[in-house]
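Everything below concerns the one structure shown next.
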2 protein chains.
Amino acid sequence: MNQTEFLDIKDISINDSFWSPIMERVRTKVIPYQWEALNDRVSGAEPSYCMRNFKIAAQMTHPELDYGVDNSLGHGGHVFQDSDLAKWIEAAAHSLVWHPDPELEKNLDSAIEIICGAQQKDGYLNTYYIISGLEKRFTNLKDNHELYCFGHFTEAAIAYYRAAGKRRLLDAMIFYADCIDSLIGPQDNKIRGYPGHEIAEMALLKLFGITKNKKHLDLALYFINQRGQKPLYFEDEIKKHGGSFHWNDSYFQFQYYQAGIPVRDQHIAEGHSVRAVYLYSGMADAARITNDAGLLKACGDLFNNISKKQMYITGSIGQSAYGESFSFDYDLPNDTVYAETCAAIGLAFFAQRMAALQPKGEYGDVLERALYNGIISGMSLDGQSFFYVNPLEVLPEACLKDRRLKHVKTERQKWFGCACCPPNLARIIASLGNYIHSYNENAIYTHLFAGSSSQFLLNGKNLTVKLETQYPRSGMVAVTFAMEGTARFDYGFRVPSWCQKFSVLLNNAPVNYKLRDGFAVIAGEWKNNDLLEINFEMPVTLVEANPNVRQDAGKLALTMGPVVYCLEEADNGNELQKIRLGSAQPAEAKTEFKKDFLGGINVITIQGKKIKNWDTQDLYRPAGLQEKTGQENSGYEDKSLKFIPYYAWANRGPGEMTVWVNK
Amino acid sequence: MNQTEFLDIKDISINDSFWSPIMERVRTKVIPYQWEALNDRVSGAEPSYCMRNFKIAAQMTHPELDYGVDNSLGHGGHVFQDSDLAKWIEAAAHSLVWHPDPELEKNLDSAIEIICGAQQKDGYLNTYYIISGLEKRFTNLKDNHELYCFGHFTEAAIAYYRAAGKRRLLDAMIFYADCIDSLIGPQDNKIRGYPGHEIAEMALLKLFGITKNKKHLDLALYFINQRGQKPLYFEDEIKKHGGSFHWNDSYFQFQYYQAGIPVRDQHIAEGHSVRAVYLYSGMADAARITNDAGLLKACGDLFNNISKKQMYITGSIGQSAYGESFSFDYDLPNDTVYAETCAAIGLAFFAQRMAALQPKGEYGDVLERALYNGIISGMSLDGQSFFYVNPLEVLPEACLKDRRLKHVKTERQKWFGCACCPPNLARIIASLGNYIHSYNENAIYTHLFAGSSSQFLLNGKNLTVKLETQYPRSGMVAVTFAMEGTARFDYGFRVPSWCQKFSVLLNNAPVNYKLRDGFAVIAGEWKNNDLLEINFEMPVTLVEANPNVRQDAGKLALTMGPVVYCLEEADNGNELQKIRLGSAQPAEAKTEFKKDFLGGINVITIQGKKIKNWDTQDLYRPAGLQEKTGQENSGYEDKSLKFIPYYAWANRGPGEMTVWVNK
């Protein structure tokens, strides 16, 4: 294996025309807004109860504390409410790396004090059970998200430790990890359980990277390896502690939790999509750390299954609202889709980890697809409202009147009772620098193209790699290398799968490269100020889906580079189903960058058609009747079609939208 | 108005190559099978409890009776279980008219004895409340179907009275009607309610036709007129008697029951589709009897809304499984559809009543569409299994794995716990003779074309009208008139909306006719043995849906005459979504009648194409890539497409099926 690791965000500084404004939006709008939300100070939004829960838990644990909250209020929100705070801490911590902010750091420290105040004498730390009754802790791993909250807090603690060097929360989470390890595991006196909602696997492996404590590695591996082993723990848990099995009536049964069969036997992505990709991400981390070929094989199969059979063109996943789950191969409904923002984020986690394991372009292709489309579509352009569900086709009347679309909103919402997506978006955007380059001692691979300056240490040698680009407005990327003297290493850049043709010059002259697994790799000795000029041709393209996808039959989607475009009612009128691309030629499309429109986007105009209304009220008639009777020359009128990037939809009030357009 | 009434089934004898075998199937298979089912004697099927409930209720009412059933078993099945028996009695009674059967009549008489044994001293007759507690009767009109069961039993009583001349059940139902009238109505001391599930309106109006008792007319009109008046009775009922409002979260609210606004203000079909068309049928009857222009206007608007905006090409209605309801205009999903067999039957009731009110071809068009497609698709060719839900597109894997399709079965089932559809099918098929001709003193109108001999009395003159036809295999219909001497009247036959061209000869010579509202009407003096030869050209036709229907965009359906065809996996392999009609020419279709295949059907073969699989595993690629790279001459392979009538699908095990085929 040709393993690499991704650059830490401390070693990269992003200055990108596309991403910097989004990162700033997260920093200046989302993170402050979420802090207010976590403290129940956003009027008109559902209360989070998150900080309140921790204050109550801390007061109960330390009666000397007084946060001025009435303990009798009880726990508020979902059983997994703690995780919202963890995700916010993680996002805020990441932002401190690229934008120090003493005020924010003060808020973080004060929140962490409250959190740590709630920690029990044995390390346990979960407000739901602290407030509602500790005797029940670890009796419903299946549904009550204790280990999920633990995982998120561990990720948060690591992020803050890396950002600010402060160990307060990290130590608390190590203490909690040790508490869990003392109670859950393969040994006879322990609970043989594992997380109902995965993430602790990833988190413990990251923690192991810091602590080097094998206990943390082993606990993560135990969680992964025990999953789906017979007898099924979740079945035993129900028998022992009661409770119902919500998915009894579903075809996926315990695979809702990816816990029906051992993970190495899982080759098709099944069940709750966020849970799934979080597990697969942990499996990929474990495969990397332990060189486990069986796990790697399963990860490869699962990645393939998703990216080749169950992924929307937007990089979104999770076709079914029932169980927020995968459905089956090539089933990709555009209207009833779930496509949770968190699932696309989780897919990005998985893709990044696969890319670290093996520098293949296909991983970066998926990462890029998700980031430029199905992830950032989750956030409004003002950073104050959010989508859970990211449909590819919307008819507002249907969302109101068709119960199967109850989950599909036509406008982003402020803050959800279950607010998983907004802070998850914040943490991935705030740590974007962690997704651009990976490296090992011999090589640097560029997976994403964003204006940035990165510091590498290769074989003891310091290097700076600077990217300059207007991507995805244009496919030109300039890469400048800075170092003392020279250095020998491979530099590989991903050739995006959407790109049919590219050129590359080194210091204005042709350069040899090898195409390997979707990367163009240039081997040799590099010297200071070497300039690589890459030009990915980025024409407007009409894309078709594999004919196995019945929902996209007879339809095309318009893309330009990694960005998927859509038609919105605001630009094209209603009745989008009547629009036909006809003989539209992408080569004749007009692309105009509008700086002040929807945050600065390309608007692509292409000549299409629209079916005229029939001159009768009939529902059905013989095909081609109109032509035969000669009443009209054509059943179509010319129509100029105006496409905008999918991620920018739904920023102008409710209306129809479609990604896939009838041919 | 040019009102007519439909011929009573006693006055028509059907001998038709298409319908007679189906009627025989109902008589020899369905009716006997259902009698066994009602008596819980079908192994492997859910018990009905229906006869058992009546036996318990009769024993409780008359302690001297002993049917050998343990009273403590309680009421079994749904609150509306009684109606299954009523529908069976009605179907069996109809069948006696055209096939006397002393054994069946004996079973009917014995069942009726048991039913009447359960009637209370004040006339009340509903096993659910008799067994479970009479103090609660008429406290949940909204959901507990008392008046629905009353309506069905009244229809059954009338049918049996007409078939056998026996009044036992009729008198019982008149007694029950009087009981209801004494308790429910506009007067101050009465319950101001109306049926939660309509049908009593139709039934009472039919009863009025026999009793001429204005009380029965008035009660029906009260049910119709009070519906949806403020304050809403169902809201009051909840307040007074408790209980929840299941549809609180729906957009249709009390329109689920068509009870949110007064019926004259209803112009769009909404809510539970069976309830809706039963109400509209009652409204049409009331409009006819009372010459109520307001009601007629509402009926016309509702019929138009359904037939022009909410009806499948199969004549099925009810787009949404949620609430088994209408959804909204031009929303006609083919896979998630509900399209209950009972709803198509109810639409046939409504269409027939509209046709009686005004002899317009559009009503017979809908009646015919429903009968030849969405109604008889509900029954297997062996008459022993039934569909509730009649999808127009089926992918078995999706039915298993996509929760939104949970209601869609890939095979007909034996007998449902809620067995509304099978006996409803039986009663409409057994009374088919009631749907063919309507007449008044001046005219006869033929709405359906089925081999038959009918007796009319026009202005005191006896006439026989004989139809001979192979319809729908062919569009030739011979009409022979028999009488003493001559008679002057208008004879009109519907020119089906699918027919682009027809000819008609009288005694082998051209004849003048007027086209009026979808009928060809021949006026004049008729003499014995006059022979009218009609020839509707009936080519194979590819049909398109109105472009407002987004789900059918880019698709065509194949029809021949009134029959809608489909592709089944058994004939065409799987992956039907890859099939393209391309430049398929219906004129070149090969039509072959196969006598021994699927009960004797036309098989239509047409040359189409099938998309080849891509030579990559990609999910998405630039459109037209294959052509550009010249790897293959074409992405398609030729494929001979074999269509069978939609009603005959799913008689060869589970498999894919589609009515709408990609262009």
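A few points about this structure:
- The residues of segment A:19-54 that are within 12 Å of A:Ala92 (Cα to Cα) and in contact with a helix residue (DSSP H, G or I) (Cβ under 9 Å, 6 or more places away or on another chain), listed by number, are A:Met23, A:Val26, A:Arg27, A:Val30, A:Ile31, A:Pro32, A:Tyr33, A:Gln34, A:Trp35.
- Checking each residue in segment A:300-314 for being small (Gly, Ala, Ser) and within 11 Å of chain B (Cβ to nearest Cβ) picks out only A:Ser307.
- Of the listed requirements (1) among the aromatic types (Phe, Trp, Tyr); (2) modelled with pLDDT of 95 or more; (3) in a loop (DSSP other than H, G, I, E, B), A:Tyr251 misses just one: (2).
- Positions within segment A:152-170 being more than 19 Å from A:Glu198 (Cβ to Cβ) and charged (D, E, K, R), in sequence order: A:Arg162, A:Lys166, A:Arg167, A:Arg168
Residue-wise test of (1) crowded, with 20+ Cβ neighbours inside 10 Å; (2) in contact with a helix residue (DSSP H, G or I) (Cβ under 8 Å, 6 or more places away or on another chain).
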{"residue": "A:Thr464", "(1), (2)": "no, no"}
{"residue": "A:Thr469", "(1), (2)": "yes, no"}
{"residue": "A:Pro472", "(1), (2)": "yes, yes"}
{"residue": "A:Val477", "(1), (2)": "yes, no"}
{"residue": "A:Glu484", "(1), (2)": "no, no"}
{"residue": "A:Arg488", "(1), (2)": "no, no"}
{"residue": "A:Phe493", "(1), (2)": "yes, no"}
{"residue": "A:Pro496", "(1), (2)": "yes, yes"}
{"residue": "A:Lys501", "(1), (2)": "no, no"}
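- Filtering segment A:1-10 to residues that are of a type outside the set (A, V, I, L, M) and either surrounded by 22 or more Cβ atoms within 10 Å (Cβ to Cβ) or out of contact with any helix residue (DSSP H, G or I) (no Cβ under 8 Å at 6 or more places or on another chain) (or both) leaves A:Asn2, A:Thr4.
- When A:Asp122, A:Asp82, A:Asp109, A:Asp101 are checked against the criterion of being touching a Ser or Thr at 6+ places or on another chain (Cβ under 6 Å) and at pLDDT 95 or above, a single residue qualifies: A:Asp82.
- The condition of being in contact (Cβ under 8 Å) with a residue 24 or more places away in the chain and either of a type outside the set (A, V, I, L, M) or within 14 Å of another protein chain (Cβ to nearest Cβ) (or both) holds for only one of B:Val540, B:Val521, that being B:Val540.
- Residues in segment A:527-537 that are farther than 17 Å from A:Gly475 by Cβ and either within 9 Å of chain B (Cβ to nearest Cβ) or part of a loop (DSSP other than H, G, I, E, B) (or both): A:Asn528, A:Asn529, A:Asp530.
- On inspection, B:Ala545 does not qualify as surrounded by fewer than 20 Cβ atoms within 10 Å (Cβ to Cβ) and either at pLDDT below 95 or within 30 Å of A:Asn546 (Cβ to Cβ) (or both).
- Whichever residue in segment B:315-360 is part of a helix (DSSP H, G or I) and among the hydroxyl-bearing types (Ser, Thr, Tyr) and, among such residues, is nearest to the other protein chains (Cβ to nearest Cβ): B:Tyr322
- Odd one out for B:His267, checked against (1) away from chain A (no Cβ under 12 Å); (2) more than 30 Å from A:Gln577 (Cα to Cα); (3) in contact with a helix residue (DSSP H, G or I) (Cβ under 8 Å, 6 or more places away or on another chain); (4) surrounded by fewer than 24 Cβ atoms within 10 Å (Cβ to Cβ): (2)
- Per-region count, segment B:40-97, residues more than 30 Å from B:Ile22 (Cα to Cα) and hydrophobic (A, V, I, L, M, F, W, C): 9
- Hits in segment B:568-577 - residues which are within 13 Å of chain A (Cβ to nearest Cβ) and either part of a helix (DSSP H, G or I) or in contact with a strand residue (DSSP E or B) (Cβ under 9 Å, 6 or more places away or on another chain) (or both): B:Glu575, B:Leu576, B:Gln577
- Hey, B:Ser72 in a loop (DSSP other than H, G, I, E, B) and either of a type in the set (Gly, Ala, Ser) or under 25 Å from B:Cys421 (Cβ atoms) (or both) or not: no
- Taken together, the residues in segment A:62-77 that are surrounded by fewer than 19 Cβ atoms within 10 Å (Cβ to Cβ) and within 24 Å of A:Tyr148 (Cβ to Cβ) amount to 3.
- For segment A:544-567, the set of residues classified as assigned to a strand (DSSP E or B), closer than 11 Å to A:Val661 by Cα and facing chain B (nearest Cβ under 7 Å) consists of A:Glu544, A:Leu556, listed by residue number.
- Criterion: over 24 Å from A:Val543 (Cβ atoms) and among the acidic types (Asp, Glu) - qualifying residue of A:Asp292, A:Asp335: A:Asp292
- So B:Gly374, is it at negative phi, surrounded by 24 or more Cβ atoms within 10 Å (Cβ to Cβ) and not β-branched (Val, Ile, Thr): yes
- Residue match in segment B:79-96 (condition: closer than 26 Å to B:Asp143 by Cα, without any contact (Cβ under 8 Å) to a residue 60 or more places away in the chain and of a type in the set (S, T, N, Q)): yes
- Of residues in segment B:314-335 being in contact (Cβ under 8 Å) with a residue 60 or more places away in the chain and surrounded by 24 or more Cβ atoms within 10 Å (Cβ to Cβ), the one nearest to B:Lys401 (Cα to Cα): B:Pro333
- B:Lys663 surrounded by fewer than 15 Cβ atoms within 10 Å (Cβ to Cβ), at pLDDT below 95 and among the charged types (D, E, K, R): no
- Scanning segment B:292-309 finds one or more residues that are touching a helix residue (DSSP H, G or I) at 6+ places or on another chain (Cβ under 7 Å), surrounded by fewer than 18 Cβ atoms within 10 Å (Cβ to Cβ) and more than 30 Å from A:Arg621 (Cβ to Cβ).
- Single condition A:Glu36 does not satisfy, out of (1) modelled with pLDDT under 95; (2) assigned to a loop (DSSP other than H, G, I, E, B); (3) surrounded by fewer than 22 Cβ atoms within 10 Å (Cβ to Cβ): (2)
- Residues in segment A:97-140 that are of a type in the set (S, T, N, Q), buried (at least 19 other Cβ atoms within 10 Å of the Cβ) and in contact with a His (Cβ under 7 Å, 6 or more places away or on another chain): A:Thr127, A:Asn140.
- Within segment A:244-258, tally of residues that are within 13 Å of another protein chain (Cβ to nearest Cβ) and on the phi > 0 side of the Ramachandran plot: 1
- Residues that are at pLDDT below 90 and surrounded by fewer than 11 Cβ atoms within 10 Å (Cβ to Cβ) within segment B:632-651 comprise just one, B:Asn633.
- Figure legend. Inter-residue proximity from segment A:12-29: first residues over 12 Å from A:Ile429 (Cα atoms), second residues surrounded by fewer than 16 Cβ atoms within 10 Å (Cβ to Cβ) and among the acidic types (Asp, Glu), beta-carbon distance below 7 Å, spacing 6+ or different chains. Indicated pairs: A:Lys29/A:Asp382.
The values are calculated or read from the model by the stated rules, or taken from the named source; none is laboratory data. Everything numeric in this text was worked out from a predicted model, so none of it was measured. Positions of Cβ are backbone-derived with ideal geometry, glycine not excepted, and every protein chain shown enters the neighbour counts.
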